[in-house]
1. Just check the range 1-91 against the gyration tensor rule for me: Cα atoms, a ≥ b ≥ c as the square roots of the eigenvalues, rounded for a/c under 1.5, and otherwise prolate or oblate depending on whether a/b exceeds b/c.
2. If you line up the long axis of helix 2-17 against the longest principal axis of the chain, both from Cα atoms, how many degrees apart are they, to the nearest 10?
3. Of K25/K99; K109/K248; K25/K93; K218/K248, which pairs sit farther than 21 Å apart, going by alpha carbon to alpha carbon?
4. Using a ≥ b ≥ c from the Cα gyration tensor of the range 16-289 (square roots of the eigenvalues), is it rounded, prolate or oblate, where a/c under 1.5 gives rounded and otherwise the larger of a/b and b/c decides, a/b for prolate?
5. Counting Lys and Arg as +1 and Asp and Glu as -1, what is the net charge of the other residues whose Cβ lies under 14 Å from the Cβ of K248?
6. What angle do you read, to the nearest 10 degrees and between 0 and 90, between the alpha-carbon axis of helix 61-70 and the longest principal axis of the chain?
7. Treating cross-link reach as a plain straight distance, find the aspartates and glutamates whose alpha-carbon is under 17 Å from the alpha-carbon of K238, omitting any fewer than eight places away in the same chain.
8. Which Cα, out of I52, G80, Q70, lies furthest along the positive dipole direction of the range 1-94 (beta carbon charges, K/R +1, D/E -1)?
Amino acid sequence: MEDITVLKQALPYIQRFKGSTFVVKFGGEAMEDREVLERLIDDITLMHLVGIRVVVVHGGGRHVTDLARQLGLESRFVGGRRVTDEPTLDVLKMVLSGKISVEILSLLKKKGVRAMGVSGVAAGVIEARRRPPTRVSGGGDELVDFGEVGDIERIDTRLLQLLLDEGYIPVLSPLGADADGDVLNINADTVAAHLAASLNAEKLLLLTGTPGVMTDLKDPTSLISRITADEAREAIEKGIIQGGMIPKIEESLYALGRGAGQVHILSALEPHQMLLEIFTRSGCGTMLVP
């Protein structure tokens, strides 16, 4: 009977979100464990089958670092952000648009879902400009040259819309190109936020290594289940939201301010968090609203 109750609870949400667009982003936390990744693919497949238009954005920083080390390349980070020289950019191309994209596509194929791997370079989906030397939090007072790293100038959604209209799940790797065609590394959370805004997505789902936004990282019961944009800004100013969660919140606020409906920050590691968050009344992560 418990299963029936859950199904009945899900029905109005399925009816509400049918035909809506969701952007789902996950990164290294999901890619490091095959079982975790397969569970995420199960959830994405179910959303697709009930009529939700899903776009997947993936990162893969740990895989890039591992391959770079195998090739004798040193990975450098400033304030948690990767410095991307030309050899590292070549590794990013191989890992993001190669190994990781193909692995996700193969799992979706296994579930009978039509999916298409798309680099942000393809059809000019992500137009970017090379980031000038800049100061970053955690990087000290000096200007940092991040190398072949880009900031998004424009998202062209036409290719993705065509794929969605034909029943495909686009799987987007976070590489962009400037006006001269030079390839640039783009932060995956940034890509997901800009994409959700450009698609006017109903939901942006950011899968992380934590259950969501917590006031105390050591206490899971301190999870904030719902927070407004203004409350989130205040929490950052007061130091309640700290560390690596700050840029995720900032990207979330960008998406909310430019067309996305809601943002959900969830654990990639716990089973079926996306389904519980979307299709039940109680949810399980943190929902950000305008």
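Quick note: the coordinates plus some simple rules give every number you see, no bench work behind them. These numbers were taken from a predicted model, which means no experiment stands behind them. Heads up, the Cβs are rebuilt from the backbone with ideal geometry, glycines too, and the neighbour counts pull from every protein chain shown.
1. Working: a/c = 3.73, a/b = 2.65, b/c = 1.41.
Prolate is the answer for the range 1-91, as a/c is 1.5 or above and a/b outweighs b/c.
2. 60 degrees
3. The pairs that break the limit, which is 21 Å between Cα atoms, are K109/K248.
4. rounded
5. Result for the local shell: -1.
6. Its long axis makes an angle of about 40 degrees.
7. D216, D230, E250
8. Most positive-ward Cα: I52.
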